[in-house]
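Nothing in this text is a laboratory measurement; each read-out follows from the coordinates by a stated rule. What you see is a predicted model; the values in this text were computed from it and never measured. Quick reminder, even Gly has a Cβ in these numbers, built from the backbone with ideal geometry, and neighbours come from all protein chains shown.
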Amino acid sequence: MLRRTHLALGLAVALYFVPYIKTNRLIFFAVVILASMIPDLESGFSAPKRHRLLSLQPTSFIFHRNLIFHSYTLLIPVVIVITFLYPPLAFPVFLGYSFHLFLDSFSPRGIRPFWPLKSCAKGNIQPGGRIDKILFYVFLIFDFGLFVKLFI
């Protein structure tokens, strides 16, 4: 999926869960949004090459959705470490990161959720394709509805 779709879903997840957070709501909100982008850091984000903010071309072919960044193999130990170091960040990191993985599991390249195992979760939604665009707008509608419910 494209960066904007990940951001729209991350925003929806953050808006949905923020009423249940008793302290540090702003930090929770920001961490969910940021964590929803972490898996794409190694590849320069899911965007056409001409629009990449960060391009790590030498590593992209090795890492992007093939190894550890797009797997729970990295997420679970990171969340455990965060739980011991600063517990309030563990849940938002898990939410943002795991929803990113969930969304990418519907793309043709898919993800290897438990790398180094060879099993792959993949679907037929082309990043930047019609369904990706529809999902983006659906998430924006959810974002708007959750925002209205939360603040109005």
Given backbone amide H placed at 1.01 Å from N, residues whose amide H is under 5 Å from that of Gly110, ignoring those fewer than 5 places away on the same chain, are Gly123
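How much length is gained if the chain between Leu140 and Val78 is pulled fully straight, taking 0.36 nm per residue apart and subtracting their Cα-Cα distance, in nm to one decimal?
Values: separation 62, 0.36 × 62 = 22.32 nm, distance 2.92 nm.
Roughly 19.4 nm would be gained on extension.
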In nm, to one decimal, how far is the Phe114 label point from the Ile152 one, both placed 7 Å along Cα→Cβ? 4.5 nm
Residue by residue through the stretch 80-91, what is 3J(HN,Hα) from phi via Karplus (6.51 cos²θ - 1.76 cosθ + 1.60, θ = phi - 60°)? Round to whole Hz and write x for glycine and proline. 5, 4, 4, 4, 7, 7, 8, x, x, 8, 4, 5
Gained length - Tyr20 relative to Leu41, 0.36 nm times residue gap less alpha-carbon distance: 4.7 nm
